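The values are calculated or read from the model by the stated rules, or taken from the named source; none is laboratory data. In this text, all values refer to a predicted model and were calculated from it rather than measured experimentally. Every residue, glycine as well, gets a Cβ built from its backbone with ideal geometry; the counts of neighbours run over all protein chains shown. Quick note on the areas: whole protein, heavy atoms, side chains included, nothing else; ligands and nucleic acids left out. Shrake-Rupley method; radii C 1.70, N 1.55, O 1.52, S 1.80 Å.
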Amino acid sequence: MRWWDIDAVLELERNLFPEDAWSRGMFWSELAHARGPEANRRYVVAEADSRIVGYAGLVATGEQADVQTIAVSRNLWGTGLGGRLLAELLRAATTFECAEVMLECRVDNVRAQKLYERFGFEPIGFRRGYYQPGNVDALVMRLTAPENSVQGTEING
């Protein structure tokens, strides 16, 4: 993801997460830490027909990485794009030499939970009222040894 992708990412973000969409400033801040020798973030986009149809981001701190976001256009749900984006984030976690990857997922987002479980994430707890303003709980999930979860996967396009 680059700065010129932000408008298209914001459009998709607002469509998918209308109650708690990230702001332009939040994406700019994340991208500011994704380049250069001190980079500790990896943000990617997926395109189809010259349109952004998905994006994902990860931050690494020491031996732990956190999936910040994964989003796929509704018309591409079930196509494997979310898995390809997640695989790219797990490769980045391995490059950052992270021993584990954490994430939060809405408790009512069963589709996402199943994706994370396929990659080896396990539930470890809850964050009550994490998603605002809807006051929806988050399921906290963890993956150890991310390098073992991405063998044989690659993202194209």
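Within the stretch 16-30, which residues are touching a residue at least 12 places away in the same chain (Cβ under 8 Å), outside any loop (DSSP other than H, G, I, E, B) and either open to solvent by less than 90 Å² (accessible area, probe 1.4 Å) or in contact with a Leu (Cβ under 7 Å, 6 or more places away or on another chain) (or both)?
Answer for the stretch 16-30, where residues must be touching a residue at least 12 places away in the same chain (Cβ under 8 Å), outside any loop (DSSP other than H, G, I, E, B) and either open to solvent by less than 90 Å² (accessible area, probe 1.4 Å) or in contact with a Leu (Cβ under 7 Å, 6 or more places away or on another chain) (or both): 16, 24, 27, 30.
Going by the conditions given, is residue 94 more than 21 Å from residue 21 (Cβ to Cβ), part of a loop (DSSP other than H, G, I, E, B) and either more than 15 Å from the chain's Cα centre (by Cα) or not aromatic (Phe, Trp, Tyr) (or both)?
When the stated conditions are applied, residue 94 does not pass them.
Have a look at 108, 66 and point out the one that is in a loop (DSSP other than H, G, I, E, B), out of contact with any Pro (no Cβ under 6 Å at 6 or more places or on another chain), among the charged types (D, E, K, R) and in contact (Cβ under 8 Å) with a residue 24 or more places away in the chain.
108
Among (1) farther than 20 Å from residue 79 by Cβ; (2) open to solvent by less than 40 Å² (accessible area, probe 1.4 Å); (3) modelled with pLDDT of 90 or more; (4) in contact with a Leu (Cβ under 9 Å, 6 or more places away or on another chain), there is one condition residue 146 misses while meeting the rest; what is its number?
(3)
Would you please list the contacts, defined by Cβ atoms under 8 Å and residues six or more apart or on different chains, that run from a residue in the stretch 31-54 that is farther than 14 Å from residue 3 by Cα and free of Cβ contacts under 8 Å to residues at least 60 places away in the same chain to a residue that is open to solvent by 40 Å² or more (accessible area, probe 1.4 Å) and of a type in the set (Val, Ile, Thr)?
Here the result reads 40/61, each pair linking the stretch 31-54 to a residue that is open to solvent by 40 Å² or more (accessible area, probe 1.4 Å) and of a type in the set (Val, Ile, Thr).
Could you list, in sequence order, all residues of the stretch 1-37 that are acidic (Asp, Glu) and farther than 19 Å from residue 134 by Cβ?
Within the stretch 1-37, 5, 7, 11, 30 meet the criteria.
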